[in-house]
Amino acid sequence: MKIVTVLGARPQFIKAAPVSRVLRQRHTELIIHTGQHYDANMSDIFFEELNIPKPDYHLGVGSGSHGKQTGEMLIKIEEVVLKEKPDYVLVYGDTNSTLAGALVAAKLHIPVIHVEAGLRSFNKKMPEEINRIMTDHVSEFLFCPTETAVENLKKENITRNVINVGDVMYDAVLYNQELAQQKSTILADLGLQPKQYHLITIHRAENTDDIHNMKNILEAFSQIDEMKVWPIHPRTKHKLAEYGLDAASIPNLKIIEPVGYLDMLTLESNAKKIITDSGGVQKEAYFMKVPCVTVREQTEWVETLESEANILVGTDVEKIVEAVKKAVNPVYANVFGDGKAAEKIVAAIEQV
């Protein structure tokens, strides 16, 4: 069996790694990196440290408007797929790369495998929501991370080849946490003590592209007295400069450059709380049993909201501060599978 996997950003490579490890034991996989997100952290050491296969094709698409970026991907992915003639095209998540890979395959009558199918925020203003919906509707295999995702698809009359395999990201975290414990020195490097700081990640356009939201977020951070660590996303840094907002003057806020995945896992697992607008970080917090405060109005990961493991606060200053200060005692249910999603995905494809 020959599979072409389409990826576009560092988190997708991390999600794909567990599946690739299983898939390549018995089958041929070729990886296309669209280059949707330029990431300086994706050097050779990134692939070597995390035992991730390197891409076979670099398309170098880069940033741009949604139409320009997706259009360029369609042209370049199609060229590779026509050349390689795979049995399946495999896509992950909800990026423009995901949609482009799925559309190319569907138009060429090659079955699409969608990992992380069935997620819905029910907010169509988010480009990710459009990408998810369209990808799900052209996919042949829909591998869901949770039972909620299965139910979402059922409501859209998608029931064929829909399987709850658990979350591949959980597979990845279990594998990489061990590596992080061996290799990461980030706490010592930053002079941090476990559970004595809050970790911040803010990068979503709905926040960074809105000066009012960013002002509120910074004001909330200034009202949280405890130590806060913020590996700042380049786009967020650029937007703060554009708006003339000064995060560096906030007391007890340590702003650092983006960190590698192993360092990020270490920062997450040792944080007192995590404040984020990232879907992936919400889940990683849940996997590591670290309380999370999500600076968004909705989340696709509704399972994390049970027993206040994750609290949605939007960008209301008072709600952010209150949620960070609130003492919670979450119960973490086993809703994301058993860490063997990759094996289940490959086994299901092999049964065809």
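Looking at Thr159, Thr208, Thr201, Thr148, which is the one that is free of Cβ contacts under 8 Å to residues at least 40 places away in the same chain and under 25 Å from Pro291 (Cβ atoms)?
Matching residue, one of Thr159, Thr208, Thr201, Thr148: Thr208.
Going through region 296-306 one residue at a time, which ones are hydroxyl-bearing (Ser, Thr, Tyr) and modelled with pLDDT of 95 or more?
Residue satisfying the conditions is Thr304 alone.
Restricting attention to region 201-216, which residues are open to solvent by less than 30 Å² (accessible area, probe 1.4 Å) and touching a Leu at 6+ places or on another chain (Cβ under 8 Å)?
Passing the criteria: only Met214.
If you take the residues in region 304-333 that are open to solvent by less than 20 Å² (accessible area, probe 1.4 Å) and not in a loop (DSSP other than H, G, I, E, B), which one is nearest to Asn131 (Cα to Cα)?
Result: Thr304.
For region 20-42, enumerate the residues that are part of a loop (DSSP other than H, G, I, E, B), at pLDDT 90 or above and touching a Ser or Thr at 6+ places or on another chain (Cβ under 6 Å).
Thr34
Return the residues of region 43-64 that are part of a loop (DSSP other than H, G, I, E, B) and at pLDDT 90 or above; say none if nothing qualifies.
Ile52, Pro53, Lys54, Pro55, Asp56, Leu59, Gly60, Val61
Check region 247-258 and report whether any residue there is in contact with a helix residue (DSSP H, G or I) (Cβ under 8 Å, 6 or more places away or on another chain), more than 18 Å from Glu318 (Cα to Cα) and of a type in the set (Ser, Thr, Tyr).
No; the residues of region 247-258 include none that is in contact with a helix residue (DSSP H, G or I) (Cβ under 8 Å, 6 or more places away or on another chain), more than 18 Å from Glu318 (Cα to Cα) and of a type in the set (Ser, Thr, Tyr).
For region 221-260, how many residues meet the condition of being over 13 Å from Ile202 (Cα atoms), surrounded by 15 or more Cβ atoms within 10 Å (Cβ to Cβ), small (Gly, Ala, Ser) and more than 22 Å from the chain's Cα centre (by Cα)?
Counting residues in region 221-260 that are over 13 Å from Ile202 (Cα atoms), surrounded by 15 or more Cβ atoms within 10 Å (Cβ to Cβ), small (Gly, Ala, Ser) and more than 22 Å from the chain's Cα centre (by Cα) gives 1.
State yes or no: is Ile45 within 16 Å of Pro11 (Cα to Cα) and over 19 Å from the mean Cα position of the chain (by Cα)?
Against the criterion (within 16 Å of Pro11 (Cα to Cα) and over 19 Å from the mean Cα position of the chain (by Cα)), Ile45 qualifies.
Among the residues of region 261-279, which ones are closer than 24 Å to Asn213 by Cβ, open to solvent by less than 10 Å² (accessible area, probe 1.4 Å) and not charged (D, E, K, R)?
Residues satisfying the conditions are Leu267, Ala271, Ile274, Ile275, Thr276, Gly279.
Of (1) over 22 Å from the mean Cα position of the chain (by Cα); (2) surrounded by 15 or more Cβ atoms within 10 Å (Cβ to Cβ), Lys340 satisfies all except one. Which?
It fails just one condition, (1).
Taking the condition of being open to solvent by 20 Å² or more (accessible area, probe 1.4 Å) and either in a helix (DSSP H, G or I) or free of Cβ contacts under 8 Å to residues at least 24 places away in the same chain (or both), how many residues in region 73-93 meet it?
Residues flagged as open to solvent by 20 Å² or more (accessible area, probe 1.4 Å) and either in a helix (DSSP H, G or I) or free of Cβ contacts under 8 Å to residues at least 24 places away in the same chain (or both) within region 73-93 amount to 8.
When both residues are 6+ apart or on different chains and their Cβ atoms are under 7 Å apart, which pairs have a first residue that lies in region 288-311 and is under 22 Å from Ala117 (Cβ atoms) and of a type in the set (A, V, I, L, M, F, W, C), and a second that is open to solvent by less than 10 Å² (accessible area, probe 1.4 Å) and in a helix (DSSP H, G or I)?
From residues that are under 22 Å from Ala117 (Cβ atoms) and of a type in the set (A, V, I, L, M, F, W, C), the pairs are Trp301/Gly279; Trp301/Gln282; Trp301/Lys283.
The values are calculated or read from the model by the stated rules, or taken from the named source; none is laboratory data. This is a predicted model, so every value here is computed, not measured. Quick reminder, even Gly has a Cβ in these numbers, built from the backbone with ideal geometry, and neighbours come from all protein chains shown. Surface areas here come from the heavy atoms of the whole protein model, side chains and all, with no ligands, DNA or RNA. Shrake-Rupley method; radii C 1.70, N 1.55, O 1.52, S 1.80 Å.
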